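This report refers to the structure that appears directly beneath it.
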């Protein structure tokens, strides 16, 4: 998630895309995301964790939408992308 409208209120180190998974209580900031269509894997690197997601069973149209949204979220180059 990202709320650019209110990011100016935050300290510089708090700005960016927050990533959270149900099993972890705290939010992390996204540092890098890579997508490999050949391998069917999305790798997400946050400030404290790394996740590898198997996306073989995800509809190609949904993956295309994901890539489009990620490009919009990275309007200020706050995280690194590869294959997106």
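The values are calculated or read from the model by the stated rules, or taken from the named source; none is laboratory data. Just so we're clear, the structure is a prediction, and the values are computed from it rather than from any experiment. Note that we place each Cβ from the backbone using ideal geometry, even for glycine, and neighbour counts take in every protein chain shown.
Laid out as a table, the results:
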{"item": "Matching option when the condition is loosely packed, with under 15 Cβ neighbours inside 10 Å and in contact with a strand residue (DSSP E or B) (Cβ under 7 Å, 6 or more places away or on another chain), among 32, 5", "result": "32"}
{"item": "Complete set of residues in the stretch 16-29 that are surrounded by 11 or more Cβ atoms within 10 Å (Cβ to Cβ) and out of contact with any helix residue (DSSP H, G or I) (no Cβ under 9 Å at 6 or more places or on another chain)", "result": "18, 19, 20, 21, 24, 27, 28"}
{"item": "Hits in the stretch 59-84 - residues which are part of a loop (DSSP other than H, G, I, E, B) and either at positive phi or touching a strand residue (DSSP E or B) at 6+ places or on another chain (Cβ under 9 Å) (or both)", "result": "74, 77, 78, 79, 83, 84"}
{"item": "Residue count, the stretch 2-20 (criterion: within 19 Å of residue 69 (Cα to Cα), at pLDDT 75 or above and part of a loop (DSSP other than H, G, I, E, B))", "result": "4"}
